[in-house]
Amino acid sequence: MRIGAHVDPAEPLDAAAARGADAVQFFLADPQGWKSPAARPDAEALKTSDVDVYIHAPYVINVATLNNRIRIPSRKLLLAHARAAAAVGAKGLIVHGGHVNAGDDIAVGFDNWRKTFAYAEKEGGLPLPILIENTAGGDHAIARRFDNLKRLWDAVGEFGAGFCLDTCHAHAGGEELLDIVDRVKSITGRIDLIHANDSKDTFDSGRDRHDNLGNGKIDPELVVAAIRAADAPAIVETPGGVEGQTADIALLREKAGS
Ligand SMILES: [Zn+2]
């Protein structure tokens with residue numbers, strides 16, 4: 001069982017050591033900004049480390065939207081992050097499913113995802129797996145509810161898209177955690193990574209507020225069961241810095257008995 005944490009990008013390997021983590025996830029650029037990522041001086045150290053590296057794409061990216069002033073830059077920025085993530089030896093680039101605006105046809109949003117992969121192929125291909133993550137909120141989300149996830153996968157499955165399951169987002173988004181891995185895998189065929197987070201909010205609240213495991217509204221046993229069933233690495237994206245995340249990682253290891 002590989003368990004890690006979302007950490008500050010400054011010194012990710014030190015942050016992993018401080019938390020007893022086998023894996024780290026971090027941003028390569030401002031998550032709220034459109035700047036392309038810069039090369040990292042620690043790229044070689046990250047590449048050769050025993051610690052698994054995952055990169056999270058900026059939140060501003062929305063490749064699904066019908067607004068082409070967001071969609072086109074999103075596509076380009078996603079590819080730039082994919083290349084930069086591969087340069088640090090990352091195992092995957094996590095990106096949110098995105099959404100369309102109210103009144104827009106969501107079918108076009110799924111097709112925009114297909115076009116994103118087609119664009120990347122035309123530009124020389126993706127150098128690492130893109131892991132599409134389920135999200136918690138909104139009425140027009142691409143990957144909140146699994147009926148839409150099914151439609152997304154009909155559009156992108158042929159490109160070898162990967163999936164990242166966030167337990168907080170599933171709970172807050174209105175998908176039960178019991179047997180969730182089977183339901184996801186029946187659609188995607190794969191789960192590449194689990195974001196193991198508790199939720200401060202109630203089921204189907206649509207709110208995205210992560211909490212430390214056992215501290216929120218989710219039974220930690222369900223999170224452990226999902227990690228086990230997925231047989232995938234897990235990353236905690238939880239508050240409390242070194243102390244909070246170390247405790248979350250320890251809790252997962254203890255409950256998983258590994
Ligand atoms: Zn997440």
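What follows draws every value from the coordinates through simple rules; no lab data is involved. Here the structure is a predicted model, which means the values were calculated and not measured. In this analysis, Cβ positions are derived from the backbone assuming ideal geometry, glycine residues included, and neighbour counts consider all displayed protein chains.
List, in order, the whole-Hz ³J(HN,Hα) value for each residue of the stretch 86-93 obtained from phi through the Karplus relation with A = 6.51, B = -1.76, C = 1.60 and θ = phi - 60°; use x for Gly and Pro.
Result, rounded to whole Hz: 5, 5, 9, x, 5, 8, x, 10.
Could you point to the residue in A80, V60, G98 farthest towards the positive end of the chain's charge dipole, with +1 and -1 charges on the Cβ of Lys/Arg and Asp/Glu respectively?
Farthest towards the positive pole: A80.
Just to be sure I follow the definition: excluding the sites themselves, where is the longest run in the chain that has none of the chymotrypsin sites (Phe, Trp or Tyr not before Pro) in a DSSP loop with at most 16 other Cβ atoms within 10 Å?
On the way: sites that count: W34, Y59, F203.
Here the longest run is 60-202.
Using only Cα atoms, figure out Rg for the stretch 3-256 and give it as a multiple of 2.2 N^0.38 Å. Don't jump to the answer; show the numbers that get you there.
Numbers: Rg = 17.0 Å, N = 254, 2.2 N^0.38 = 18.0 Å.
Rg over 2.2 N^0.38 Å, computed on Cα atoms: 0.94.
Over the stretch 104-233, what is the mean sequence separation of C-alpha contacts under 8 Å (at least six apart), divided by residue count, expressed as relative contact order in percent?
Details: 222 pairs, mean separation 29.2, N = 130.
In percent, rounded to a whole number, it is 22.
Give me the number: length gained by fully extending D154 to E176, i.e. 0.36 nm times residue separation minus the C-alpha to C-alpha distance, one decimal in nm.
Working: separation 22, 0.36 × 22 = 7.92 nm, distance 2.23 nm.
Stretched out fully, the D154 to E176 stretch lengthens by 5.7 nm.
Between D231 and A10, what length comes free when the chain is fully extended (0.36 nm per residue of separation minus the Cα-Cα distance, one decimal in nm)? Intermediate results must be reported in sequence, preceding the final value.
Values: separation 221, 0.36 × 221 = 79.56 nm, distance 2.95 nm.
Computed gain between D231 and A10 is 76.6 nm.
So if each residue of separation counts as 0.36 nm, and I subtract the Cα-Cα distance between A256 and D139, what length gain in nm does that give? Let's see the in-between values first.
Numbers: separation 117, 0.36 × 117 = 42.12 nm, distance 3.49 nm.
Gain in length upon complete extension: 38.6 nm.
If packing is taken as the mean number of other Cβ atoms within 10 Å per residue, what is the order of 173-179, 101-107, highest first?
Top to bottom by mean Cβ count within 10 Å: 173-179, 101-107.
What number, in percent, do you get for the relative contact order of the chain if the mean sequence gap of Cα pairs under 8 Å and at least 6 apart is divided by its residue count?
18 percent
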